[in-house]
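**Student:** If you scroll down you'll find the structure; I have some questions about it.
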Amino acid sequence: MAQYFEVHPENPQQRLLKQAVALLERGEVVAVPTDSSYALACHLDDKDAVDRLRRIRQVDDKHHLTLLCRDLSELANYAKVDNKQYRLLKAATPGPYTFLLEATKEVPRRVSHPQRKTIGLRVPDHAVLSELLALHGAPLLATTLIPPGETQPLNDAQEIRSRFEKLIGAVIDAGACASEPTTVVDLTPVGEGGDPVVVRLGRGPVSVLGL
């Protein structure tokens, strides 16, 4: 049975978020609000939790999971970023964008793409999630909360609770999120002199990136 934490969207109660962090550190998968839609998140270094995350979404190891980072300096610890890539990242973060980049050795091999060795990274612009990441003290591994067989992400915490309460450890309810996923941009070609590739057009406008 999933625990349910109802928090203020701008000034979340730290005692509740600390309880959510404790669940993440015990290997639970938690539904968290973001600046696009709700997402499922877990501890990066917990193999069982990562496997459960994939089972809930019914995606395989070729589906890019995303590291939720507090800021660009943290992101740079987990991705290889050159100057041009950094300028693009700086223009669009924090915000509803996911960037595909080459993973560093800080990223466990089992969570990066098996052939490309890439990982999704993003710096969300959401007060509750930012505070959760600060209390956790490290990035969280996440995926957009799109139910198996469906195409649209969930943005209502009560619905998430009723549909996933036996599969996840907790739901953090900060009110309705947007119901559109992030814009996904592959920045790996930029490192080879190419241009960014828009993989999925979502909530973030690509004009910010000059595309």
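**Student:** Relative to the present Cα-Cα distance, how much length would full extension add between residue 125 and residue 74 at 0.36 nm per residue of separation?
**Tutor:** Result for the pair: 16.9 nm of gain on full extension.
**Student:** Ok, one more. What's the lysine pair count for region 69-211 at a Cα cut-off below 16 Å, pairs eight or more apart or interchain?
**Tutor:** 4
**Student:** For the chain, what is the percent of antiparallel DSSP beta bridges, rounded to the nearest 5?
**Tutor:** Of all bridge pairs located within the chain, approximately 60 percent are antiparallel.
**Student:** A follow-up question, please. So, with +1 on the Cβ of K and R and -1 on the Cβ of D and E, and no other charges, what is the size of the charge dipole of region 3-206 about its Cα centre, to the nearest 20 debye?
**Tutor:** I would put it at about 480 debye.
**Student:** Beyond 26 Å, what share of the Cα-Cα pairs of region 3-206 remains, rounded to the nearest whole percent?
**Tutor:** Cα-Cα pairs in region 3-206 separated by more than 26 Å: 26 percent.
**Student:** Further question: Work from the charge dipole of the chain (Cβ charges, +1 for Lys and Arg, -1 for Asp and Glu, about the Cα centre) and give the residue of 99, 202, 181 farthest towards its positive end.
**Tutor:** Towards the positive end, the residue furthest out is 99.
**Student:** Hey, another quick one. What is the Cα centroid distance between region 108-136 and region 35-86, reported in whole angstrom?
**Tutor:** 3
**Student:** Could you state the number of Å between the C-alpha centres of region 140-203 and region 91-107?
**Tutor:** About 14 Å separates the Cα centre of region 91-107 from the one of region 140-203.
**Student:** Okay, moving on. What do the square roots of 5 times the Cα gyration tensor eigenvalues come to for region 1-80, in whole Å, largest first, as semi-axes of the equivalent ellipsoid?
**Tutor:** Three semi-axes, in Å: 21, 18, 13.
No value in this document is a laboratory result; all are computed from the given coordinates. As the structure is a computational prediction, the values presented were derived from the model and not from experiment. Neighbour counts run over all protein chains shown; Cβ positions are idealised from the backbone, glycine included.
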